[in-house]
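A.B. asks: Attaching a single structure in C-alpha cells format; questions to follow.
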Amino acid sequence: MAMFKPDSTPSKQTETIIGSSVKVEGNFSGEGNVIIEGQLQGTLKTKHNVSIGTGARVKANIEAQDVYLAGEVHGNIKANGKLQVTSSAKLIGNIETSSLAIEPGAILNGKCIMTSETYIPEKIEKVK
Amino acid sequence: MYTYIVESEINNKKYEADLTKIENRLIELEIRGRVEKLTILKSLAETIKDAVRNQSETIVLIGTDKLINNAISTLAEFKTTIGIIPLGEPTLIAQSLGIPYGMEACDTLSARITSALDLGRVNNRYFLSALHVPDCRTLTLDCDNQFQVSTVTPSTIDISNFSEASNPHDGKLEVIVRPQAEKSIFGFMKKPSYSKKSVFPFKKLTIRSGGDSMPIMADGETIIKTPATIEVVPKRIKIIVGKKRDF
C-alpha cells in the first residue's frame, strides 16, 4: 500500500540570514527566525525570533517573539517574548517586552515598557 | 501505465549491466512499461508528450540530473506522476529526494510515496533544484517587492528549491548570497572559500546587475542573463520520493 507523508507539515523551518556582506533596505516581514550580521534599514517583523550579532547595524523598528541583541540598533524593539541585551549592544530606541535581561556594559537610550504584568501597588497600611 | 525514458548518455555499454538489472527488477515488481531510449534524433519534449498522449500515468526518468533538468519544463505542463531512477553522474537531485542509486530505485518506485513539490520559474523555463549566478561585483535583489538586498563584496548567488535550508513544499524559494573571501598571496593554491552567507526566502525575485549582464546558470548551462525575474510555482509537480529524503 502506498504511504503518503502529509505535505502540510514542513519538516524544516526556513531561516533568514542577513550576512555581513549584504545590505538590506525595505520592509522585511517573515515567519521564520531571522539572524542579522549585516546592515538593515526599514522595518522587520517576524512571528519567530531575531538575533542581532555584534557586527550588525540596524536602523529599523523590530517586532518579534524573542530578541537577542548584541549589535547596534537605531529603532524601537517589541519582543513579545524575551529580550536579551548583551554587553556589546547599543540601542537607541524604545523597548517593549515581557521579559528583559541586560548585561553590564550595554548602552540603552530610550523608554522601557514591560508588558507581562501591570504593576498594582499593594495597599500600605498606616503605621500607627 | 509506466513510461521509462533513458538518457542518451546512459544508453551505452558502460551502463548496459545496470540497465538489465533495472529491467529485471521492474519485471519482478510488476511495474514494467514502455521504454523510450533517447538519441540525438529523438527529442525529450516530444517523447514526454507522446507518453502523456498514450495515457501514461507515471513517467520515469532514468539518468542524471541533466535529464531531470531538461525534462522538468515539459513535465510541469502535465499532471503525470514523475519517477526517477538515478544512473550516471551527477545524481544530486535524486539524492535530495531520497531515491537510492540504480536498481534499488525500483523499490522506491514500487513503494510509490508521492510528494507535490514547488518548482521555480525563470521566464518560461521551470527548474526543480537550483540556479546559479557566478562571481559578480554588484548585484541588487528585489525580493517580493518588499525589500532590496545589495551585495557589498563580490559574491555568488544560488537560487535554491531544495538544498541546505530549503523546503520544496513551503511555497517559497531561497536565494543564498555567498561572499567570496579575499584572495591572499597563496590564494591560487586554495579553492575559493565562502563565508558569512546570507539567506532570504522569497516568492518572487528580480535580479539586477550593476554593470554588464551576468549569466544565470542551471546545471552548468547559461539559460538566461540578468536582469531576470524568478518566481515559485507552488506544488506544480507530483514526484515519487524515497524515505530518506532531505525534507
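No value in this document is a laboratory result; all are computed from the given coordinates. Please read all numbers here as calculations on a predicted model, not as lab measurements. FYI the Cβ positions are ideal-geometry reconstructions off the backbone, even for glycines, and counts take in every protein chain you see.
A.B. asks: Would you mind checking the tilt of helix B:65-75 against the longest principal axis of the Cα atoms of chain B, expressed as 0 to 90 degrees and rounded to 10?
C.D. replies: 80
A.B. asks: Let me ask something additional. Describe numerically, in nm with one decimal, the distance between label points set 7 Å from Cα along Cα→Cβ at B:Ala111 and at B:Glu77.
C.D. replies: In this crude label model, B:Ala111 to B:Glu77 measures out at 3.3 nm.
A.B. asks: How high is the FRET efficiency between B:Leu29 and B:Lys225 when r is their beta carbon distance and R₀ equals 51 Å, given to the nearest 0.05?
C.D. replies: It comes to 0.65.
A.B. asks: Could you work out the relative contact order of chain B? I mean the mean sequence separation of Cα pairs under 8 Å and 6+ apart, divided by the number of residues, in percent.
C.D. replies: Computed over chain B, the figure is 21 percent.
A.B. asks: Binning at 20 angstrom from zero up to the longest distance, how are the C-alpha pair distances of the protein assembly as shown distributed in percent?
C.D. replies: Going from the shortest bin to the longest, the percentages are 25, 45, 23, 6, 1, 0.
A.B. asks: Let me ask you something else. Translational diffusion coefficient, Stokes-Einstein: compute it for segment B:95-168 using the Kirkwood radius over C-alpha pairs as Rh, at 25 °C and 0.890 mPa s, and state it as an integer in µm² s⁻¹.
C.D. replies: Answer, rounded: 161 µm²/s.
A.B. asks: In whole Å, what is the distance between the alpha-carbon centres of segment B:131-158 and segment A:55-100?
C.D. replies: 27
A.B. asks: Moving on to the next point. Please work out the ratio of the alpha-carbon Rg of chain B to 2.2 N^0.38 Å and round it to two decimals.
C.D. replies: So the Cα radius of gyration is 1.09 times the expected 2.2 N^0.38 Å.
A.B. asks: B:Lys21 label point, 7 Å along Cα→Cβ, cut-off 15 Å on backbone N: hits in segment B:88-126?
C.D. replies: Under cut-off, by backbone N: B:88-89, B:100-108.
A.B. asks: Got the relative contact order for segment B:2-111 handy, in percent, Cα pairs under 8 Å and 6 or more residues apart?
C.D. replies: Rounded, it is 31 percent for segment B:2-111.
A.B. asks: Angle check, please: helix B:16-28 long axis (alpha carbons) against the longest principal axis of chain B (alpha carbons), in degrees 0 to 90, nearest 10.
C.D. replies: The two axes meet at around 60 degrees.
A.B. asks: Same structure, new question: Give me the extension gain from B:Gln180 to B:Lys203: residue separation times 0.36 nm, minus the current Cα-Cα distance, reported in nm with one decimal.
C.D. replies: Difference between extended and current length: 5.7 nm.
A.B. asks: Something else about it: Run the helix sum for chain B: -39,500 (n - 2.57) per DSSP H stretch of 4+ residues, divided by residue count, reported at 222 nm to the nearest 500 deg cm²/dmol.
C.D. replies: Per the formula, -5500 deg cm²/dmol.
A.B. asks: At q = 0.16, 0.21 Å⁻¹, what base-10 log of I(q)/I(0) does the Debye formula yield for segment B:2-111 when every alpha carbon is treated as an equal point scatterer in vacuo?
C.D. replies: Calculated log10 I(q)/I(0) at the listed q: -0.65, -1.20.
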